[in-house]
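The next block holds one structure in the form of structure tokens; read it before the comments.
The values are calculated or read from the model by the stated rules, or taken from the named source; none is laboratory data. Predicted, not measured: the structure shown is a model, and the values here were computed from it. Reconstructed Cβ throughout: ideal geometry from the backbone, glycine too, with neighbour counts over all protein chains shown. For the accessible areas, the whole protein counts, side chains as well, though only heavy atoms, and no ligand, DNA or RNA atoms are used. Shrake-Rupley method; radii C 1.70, N 1.55, O 1.52, S 1.80 Å.
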Amino acid sequence: MATYKAPIDDMRFILHDVFDAESVWSSMPGTAEMSQDLADAVLEEAGKVAEGIMFPLNRSGDEEGCQFDDGVVTTPTGFKEAFNALAEGGWTAFSGNPEFGGQGMPKSLAVLFEEMMHSANCSLALYPLLSNGACLAIDAHATEELKQTYLPKIYSGEWSGTMCLTEPHSGTDLGILKTKAEPLADGSYEITGTKIFITGGEHDLTENIIHLVLARLPGAPQGPKGISLFIVPKFLVNEDGSLGERNGAVCGSIEHKMGIKGSATCVMNFDNAKGWLVGEENNGLACMFTMMNYERVSIGLQGLGLGETSYQSAVEYALDRTQGRAATGAQNPDQAADPIIVHGDVRRMLMTMRALNQGGRALAAYLGLQLDIAKFSEDAEARAQAEDRVALLTPVAKAFFTDRGLDTTILGQQVFGGHGYIREWGMEQMVRDVRIAQIYEGTNGIQALDLAGRKVARNKGASMAALIAEIREWLGTEKGKLGDLSEQLEEALVLAETATANLLEQAQEDPNAINALAVEYLDIVGYVLYAWLWARMIAAVDGRDDEFANSKRITAAFYYERLLPKIHSLYAQFKAGSKNIMALAADQF
Ligand SMILES: Cc1cc2nc3c(=O)[nH]c(=O)nc-3n(C[C@H](O)[C@H](O)[C@H](O)COP(=O)(O)OP(=O)(O)OC[C@H]3O[C@@H](n4cnc5c(N)ncnc54)[C@H](O)[C@@H]3O)c2cc1C
């Protein structure tokens, strides 16, 4: 059976020993109340929620799925009670704005909680996580009246939120969406159109659902600059905050899909539905990006979280399943065979999963701290630098965590042999559940394009150079703790610089270069970042000689000798350019 225990020790190590998060929190008024002890207590409780409330419904939720009947969507048995328990414990408002009932937890803690939620039950996790993203966009861009009306009820878990972008003909290219918004005399709007693939568009978990919908006003410019953002509630809200009439936002059907079966993926029909503008007219895409950037990190954590559950389950199985003998002689002479963990190939798989999961968790915490600094620091320069880092690393986190999440869940499945392929053990569910994370919130190809094009080429590599300078500065002071790894990290940084220079060069000469090469570039950046974070973990255990510290050293050494070298083959592919990718005529395929 799949198994999950929140990896609290590793989370604490990363927050406190690697990043000294408390000193960052205490330096900023918005997070000053967070201490190491409080963070530990929150992580402990969050772990109990993930293990005790969410994980027990993971398998049954997958088996049962969501049901649709004439516009009504029923979530799997137990989801409603679990969602209510999350709401009652304040977990649906984890890092929400305290002014409107949020818990105000730092993002550096939230990324760890979100990883746990996805590990335990990513279908159930999606309902509060989408709601949180909707709150962020409302908080950042809506009027005070709209904020007061919607935020407290969403944070309390009485209502939930959605993100309505995609239309049948408009997915990646939102500039061509057709949903219309007509202004009404009372200052509201009438929204008409069809959105597809809407996560949590309809369900039975909350009494109201607040849709954030992208639509076009009459006469709006063509393309992305003619899109506005609207709040469209399922039930209209009376002046006293009570629920009023049913609005014209109705679920037409739900999708039957490969994974995340407990998450309702809905076709939403908006038929003269009443909505309210959020932010400026025609600036809707920029407002929606507040939500999308949050969701991108969160979906990255879906990859990481499922990789962790797959790893833990595979370790348990490898210790228990007996097949064959160790190459060095029987380890279990009383039994017919040894546990499969004695075999080099099984260990290769487990070590790969472990190295990727722990490296990813450290990157998530680093990004969480940058998000905290960007939001709460009083130092304008520190804020600007953190914002730049967040912009650069968000597409990397989304794509690299989820691509590696597929790698790790497949490795976990492989450790189970044939038992990984059948449903009974739950390993195939993780592969199915993680797969969507590479696709939604902008496909991983689009994330790579965002990194290589908007975040690197557009500013001639300045943000990437600043990140590499930060890593070099760290290396300068810590290299004494790293042994051979310091030279290897420096070599990796040089390769990242060379790849960036090569990207800029190719982009100048070849209009197809960025689109064709972006995925390899993102992977290089991802592997180099994990190398830095593994070095930071090694530096953090310097001088320690306990089991935890030694296992970190061994896993880091494994990462450097077995996974980091992938950057060389990636670079060889990358520098070959786009010529042969683009050479065949379309009708030759
Ligand atoms: C289960 C599920 C849940 C979802 N939840 C939501 C939700 O809550 N809200 C919402 O609005 N949407 C949601 N989506 C939609 C999702 O975000 C889109 O499916 C995704 O962004 C891709 O859009 P598309 O499917 O139209 O593919 P397309 O845009 O048609 O892309 C097809 C392929 O072409 C590639 N491609 C497209 N344009 C380019 C380009 N310029 N350069 C290079 N490659 C390109 C893509 O990477 C992809 O490989 C969900 C989808 C699913 C399946």
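Take residue 105 and decide whether it is under 20 Å from the mean Cα position of the chain (by Cα) and within 30 Å of residue 267 (Cβ to Cβ).
The answer is no for residue 105.
Identify, by number, the condition in (1) under 20 Å from residue 362 (Cα atoms); (2) within 25 Å of the chain's Cα centre (by Cα); (3) assigned to a helix (DSSP H, G or I) that residue 30 doesn't meet.
Among (1) under 20 Å from residue 362 (Cα atoms); (2) within 25 Å of the chain's Cα centre (by Cα); (3) assigned to a helix (DSSP H, G or I), the lone unmet condition for residue 30 is (1).
Looking only at the stretch 225-271, filter to residues that are β-branched (Val, Ile, Thr) and in contact with a helix residue (DSSP H, G or I) (Cβ under 8 Å, 6 or more places away or on another chain); which one of those is nearest to the ligand (Cβ to nearest atom)?
Taking the stretch 225-271 as the starting set, the residues that turn out to be β-branched (Val, Ile, Thr) are 227, 231-232, 237, 250, 254, 260, 265, 267.
Imposing the further condition that a residue be in contact with a helix residue (DSSP H, G or I) (Cβ under 8 Å, 6 or more places away or on another chain) reduces the set to 227, 231, 237, 260.
Working: 227: 13, 231: 15, 237: 22, 260: 6 Å.
Out of the qualifying residues, it is 260.
Only one of these conditions is not met by residue 165: (1) more than 8 Å from the ligand (Cβ to nearest atom); (2) crowded, with 18+ Cβ neighbours inside 10 Å. Which number is it?
For residue 165, the failing item is (1).
Output the residues belonging to the stretch 20-35 that are open to solvent by 20 Å² or more (accessible area, probe 1.4 Å) and either within 23 Å of residue 474 (Cα to Cα) or of a type in the set (Lys, Arg) (or both).
Across the stretch 20-35, the qualifying residues are 20, 22, 23, 24, 26, 27.
Among the candidates 453, 476, 461, which residue alone is open to solvent by 10 Å² or more (accessible area, probe 1.4 Å), at pLDDT 95 or above, over 23 Å from residue 12 (Cβ atoms) and under 28 Å from the mean Cα position of the chain (by Cα)?
Just one listed residue meets the conditions, 453.
Just to verify a result, which residue in the stretch 418-442, among those that are part of a helix (DSSP H, G or I) and open to solvent by 40 Å² or more (accessible area, probe 1.4 Å), is nearest to residue 171 (Cα to Cα)?
436
Filter the strands (runs of 3 or more DSSP E) completely within the stretch 222-265 down to those with at least 2 residues that are under 24 Å from residue 279 (Cβ atoms). Can you show your working first?
On the way: elements: 228-233, 235-237, 243-246, 249-254.
So the answer is 228-233, 235-237.
Might you check whether a residue that is within 23 Å of residue 204 (Cα to Cα) and assigned to a strand (DSSP E or B) occurs anywhere in the stretch 74-93?
Yes, some residue in the stretch 74-93 is within 23 Å of residue 204 (Cα to Cα) and assigned to a strand (DSSP E or B).
Among the residues of the stretch 198-205, are any within 16 Å of the ligand (Cβ to nearest atom), touching a residue at least 24 places away in the same chain (Cβ under 8 Å) and farther than 26 Å from residue 257 by Cα?
no
Is at least one residue of the stretch 2-14 touching a His at 6+ places or on another chain (Cβ under 9 Å), in a helix (DSSP H, G or I), assigned by TED's automatic domain parsing to the domain that holds residue 86 and open to solvent by 10 Å² or more (accessible area, probe 1.4 Å)?
Looking through the stretch 2-14, none of the residues is touching a His at 6+ places or on another chain (Cβ under 9 Å), in a helix (DSSP H, G or I), assigned by TED's automatic domain parsing to the domain that holds residue 86 and open to solvent by 10 Å² or more (accessible area, probe 1.4 Å).
Does the stretch 122-156 hold any residues that are surrounded by 24 or more Cβ atoms within 10 Å (Cβ to Cβ) and among the hydroxyl-bearing types (Ser, Thr, Tyr), and which are they?
123, 127, 131, 150, 155
Which pairs have Cβ atoms under 8 Å, sit 6 or more apart or on different chains, and link a residue in the stretch 445-464 that is under 12 Å from residue 519 (Cβ atoms) to one that is of a type in the set (Lys, Arg)?
Once the first residue is under 12 Å from residue 519 (Cβ atoms) and sits in the stretch 445-464, its partners that are of a type in the set (Lys, Arg) give 447/296; 447/398.
Results for (1) over 30 Å from residue 445 (Cα atoms); (2) in a helix (DSSP H, G or I), shown as yes or no for each residue.
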site: 331; (1), (2): yes, no
site: 341; (1), (2): yes, yes
site: 354; (1), (2): no, yes
site: 359; (1), (2): no, yes
site: 385; (1), (2): no, yes
site: 392; (1), (2): no, yes
site: 396; (1), (2): no, yes
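Looking for something acidic (Asp, Glu) and surrounded by 15 or more Cβ atoms within 10 Å (Cβ to Cβ) - is there at least one such residue anywhere in the stretch 71-87?
Checked the stretch 71-87: no residue is acidic (Asp, Glu) and surrounded by 15 or more Cβ atoms within 10 Å (Cβ to Cβ).
Inspect all residues belonging to the stretch 109-131 and state whether any of them is within 18 Å of residue 283 (Cβ to Cβ), of a type outside the set (Asp, Glu) and in contact with a helix residue (DSSP H, G or I) (Cβ under 7 Å, 6 or more places away or on another chain). Don't jump to the end; show me each part of the working.
Step one: filter the stretch 109-131 for residues within 18 Å of residue 283 (Cβ to Cβ), giving none.
The answer is no; no qualifying residue exists.
Just checking, does the stretch 378-389 include any residue being assigned by TED's automatic domain parsing to the domain that holds residue 162, open to solvent by 40 Å² or more (accessible area, probe 1.4 Å), among the small types (Gly, Ala, Ser) and under 30 Å from residue 33 (Cβ atoms)? Let's see the steps before the verdict.
From the stretch 378-389, those assigned by TED's automatic domain parsing to the domain that holds residue 162 are 378-389; that's our starting set.
Restricting the remaining residues to those that are open to solvent by 40 Å² or more (accessible area, probe 1.4 Å) gives 378-381, 383-385, 387-388.
Now restrict to residues that are among the small types (Gly, Ala, Ser): 380, 384.
The next check asks that each one be under 30 Å from residue 33 (Cβ atoms); those that pass are 380, 384.
Yes, there is a match, as at least one residue in the stretch 378-389 is assigned by TED's automatic domain parsing to the domain that holds residue 162, open to solvent by 40 Å² or more (accessible area, probe 1.4 Å), among the small types (Gly, Ala, Ser) and under 30 Å from residue 33 (Cβ atoms).
Quick check on my filter: what residues within the stretch 342-394 are of a type in the set (Phe, Trp, Tyr) and under 15 Å from residue 28 (Cα atoms)?
376
Restricting to the stretch 417-467, and then to whatever is acidic (Asp, Glu) and within 16 Å of the ligand (Cβ to nearest atom), can you tell me which residue is farthest from residue 506 (Cα to Cα)? Can you show your working first?
Keep residues of the stretch 417-467 that are acidic (Asp, Glu), which gives 424, 428, 433, 441, 450.
With within 16 Å of the ligand (Cβ to nearest atom) added as a condition, the list becomes 433, 441, 450.
On the way: 433: 37, 441: 28, 450: 17 Å.
That would be 433.
Specify the residue that is farthest from the ligand (Cβ to nearest atom); the eligible residues are those in the stretch 178-197 that are farther than 20 Å from residue 447 by Cα and hydrophobic (A, V, I, L, M, F, W, C).
185
Confirm whether residue 157 is within 14 Å of the ligand (Cβ to nearest atom), touching a helix residue (DSSP H, G or I) at 6+ places or on another chain (Cβ under 6 Å) and in the same structural domain as residue 139 (by TED's automatic domain parsing).
It is false that residue 157 is within 14 Å of the ligand (Cβ to nearest atom), touching a helix residue (DSSP H, G or I) at 6+ places or on another chain (Cβ under 6 Å) and in the same structural domain as residue 139 (by TED's automatic domain parsing).
Name the pairs: first residue in the stretch 161-172 and part of a strand (DSSP E or B), second residue near the ligand (Cβ under 6 Å from one of its atoms) and at pLDDT 95 or above, Cβ to Cβ under 6 Å, at least 6 apart or on different chains?
Pairs that qualify, where the first residue is part of a strand (DSSP E or B) and the partner is near the ligand (Cβ under 6 Å from one of its atoms) and at pLDDT 95 or above, are 162/198; 164/198.
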